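Undergrad: Next up is a structure, given as structure tokens.
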Amino acid sequence: MIRILGKPECPHCWKLRLALSEAGIPHHSLAVDPADEQNRETLNRYSPQGTVPVLTDGEVVLWDSSIMIEYVADLGGPGVDLFPGNAAARARARNIQHYSDTIAGPALQSAIYKIRHVPKSERRKDKAADGWLGCQAHLEKLLGDRTFFAGDAFSVAECALAPRFGLAERYGVGVTTKFPNLVRWFAALKARPSYGATLPDVFSRPTAKPAKTSGEKRPFRGIMPPT
Ligand SMILES: N[C@@H](CCC(=O)N[C@@H](CS)C(=O)NCC(=O)O)C(=O)O
């Protein structure tokens, strides 16, 4: 049985949960917060990066979410093919996953950081949200009138991007009518059973007011700020 060590609201963990859910592969999730010192020791045993998610399946131990998704796809569950279509469509889906992990994710992280830690009066001077807006503009064009990012079918691109838009919505920087293609795409994703089934528990509760803290308690190496 696949076991995931992860933090429910971590976008990489959520991406993996979505992939498993869509592929129809059962798994067991274990909440492990890298912010906790004891958990870090556990994580470091499995992951040279000390990050979540970690996936174990018998002797298989994986510590990068994109490689985990390749593994999940290779298992060939009864559900959707995470890399549908021809070589070009599959490359496009991988590209978008990479864009989400390396560009859109960090841009959104800055926007969320601003909301959580920068006083409202100073926000207009802060350009952090522009990065996230720029990413949305880029994605809006990439999507165009397609149903899904790679074409006609759900793919790893959706697994990667949906958690980013879910987090954005949660923190008040969700997609707006400025980007009608993305609005339509995200609404359709949220209607899929996998979205509700993998939504972090805290997200199904009313939005908490962003914590008023002065900053990070420790150096942060990942995408999600510690909550
Ligand atoms: N390459 C990794 C990166 C995962 C990552 O950045 N995870 C974050 C949480 S979203 C993490 O564990 N950060 C470590 C920390 O908080 O100290 C992957 O895609 O699996």
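Undergrad: Treat the count of other C-beta atoms within 10 Å as a stand-in for reagent exposure and order Thr198, Thr177 from fewest to most.
TA: Lowest to highest Cβ neighbour count: Thr177, Thr198.
Undergrad: For Cα pairs less than 8 Å apart in space and 6+ apart in sequence, what is the mean separation divided by the residue count of the stretch 59-174, i.e. the relative contact order in percent?
TA: Dividing the mean separation by the residue count of the stretch 59-174 yields 34 percent.
Undergrad: Still on this structure: Of Phe148, Ala168, Phe186, which is farthest along the charge dipole of the chain in the positive direction, counting Lys and Arg as +1 and Asp and Glu as -1 at C-beta?
TA: Ala168
Undergrad: Ok, one more. May I ask you to compute the full-extension gain from Asp145 to Ala197, defined as 0.36 nm times their residue separation minus their alpha-carbon distance, rounded to one decimal in nm?
TA: My answer for the length gained is 16.0 nm.
Undergrad: Within the stretch 163-193, what residues put their amide N at less than 14 Å from the label point 7 Å along the Cα-to-Cβ vector of Ile115?
TA: Counting backbone N atoms under 14 Å from the label point, the list is 163-176.
Undergrad: Please report the antiparallel percentage of the DSSP beta bridges confined to the stretch 2-75, to the nearest 5.
TA: In the stretch 2-75, approximately 55 percent of DSSP beta bridges are antiparallel ones.
Undergrad: Residue by residue, what Karplus-based ³J(HN,Hα) values in Hz, rounded to whole numbers, does the stretch 89-95 have, using 6.51, -1.76 and 1.60 with θ = phi - 60° and x for Gly and Pro?
TA: Each residue of the stretch 89-95 in turn: 5, 5, 5, 4, 4, 5, 4 Hz.
Undergrad: Another question about this same structure. Relative contact order of the chain: what whole-number percent is it, with Cα pairs under 8 angstrom and at least 6 residues apart?
TA: Normalised by residue count, the contact order of the chain is 24 percent.
Undergrad: Let me ask you something else. Residues in the stretch 139-156 near a label at Ala87, defined as backbone nitrogen under 16 Å from the 7 Å Cα→Cβ point?
TA: Once the point is set 7 Å along Cα→Cβ of Ala87, nothing inside the stretch 139-156 turns out to lie under 16 Å by backbone N.
Undergrad: Just to be sure I understand: with springs between alpha-carbon atoms less than 10 Å apart, which residue in Ile69, Ile112, Ile103 has the highest mean-square fluctuation in the Gaussian network model of the chain?
TA: The residue that fluctuates most here is Ile103.
Undergrad: So how do Glu41, Glu140 line up by other beta-carbon neighbours within 10 Å, fewest first?
TA: Taking fewest neighbouring Cβ atoms as first place, the list is Glu41, Glu140.
Undergrad: Label points 7 Å out from Cα along the Cβ direction at Asn44 and Thr176: separation in nm?
TA: Reported label-point gap for Asn44 and Thr176 is 4.4 nm.
Undergrad: Next up: Cross-link partners among aspartates and glutamates for Lys114, C-alpha distance below 17 Å, same-chain residues fewer than 8 apart left out?
TA: Partners within reach: Glu122, Asp126, Asp130, Glu169, Glu216.
Undergrad: Sum up the charges of everything whose Cβ sits under 12 Å from the Cβ of Asn181, counting Lys and Arg as +1 and Asp and Glu as -1, but leave Asn181 out.
TA: +2
Undergrad: Stretch Arg3-Val183 to full length: gain in nm at 0.36 nm per residue minus the Cα-Cα span?
TA: 61.5 nm
Undergrad: Would you kindly calculate the mean projected area, averaged across all directions, of the convex hull enclosing the Cα atoms of the chain, in square nanometres?
TA: That works out to 12.6 nm², a quarter of the Cα hull's surface.
Undergrad: Now a separate question. What does DSSP give for the chain in terms of the percent of beta bridges that are antiparallel, rounded to the nearest 5?
TA: Of all bridge pairs located within the chain, approximately 60 percent are antiparallel.
Undergrad: Fewest first, what order do Ser110, Ser204 take by the number of other Cβ atoms within 10 Å?
TA: Ser204, Ser110
Values quoted throughout were computed directly from the atomic coordinates according to the rules given, and no laboratory measurement underlies them. Keep in mind the model is a prediction, meaning the values are calculated, not measured. Don't worry about glycine lacking a Cβ; one is built from the backbone with ideal geometry, like all the others, and counts go over all protein chains shown.
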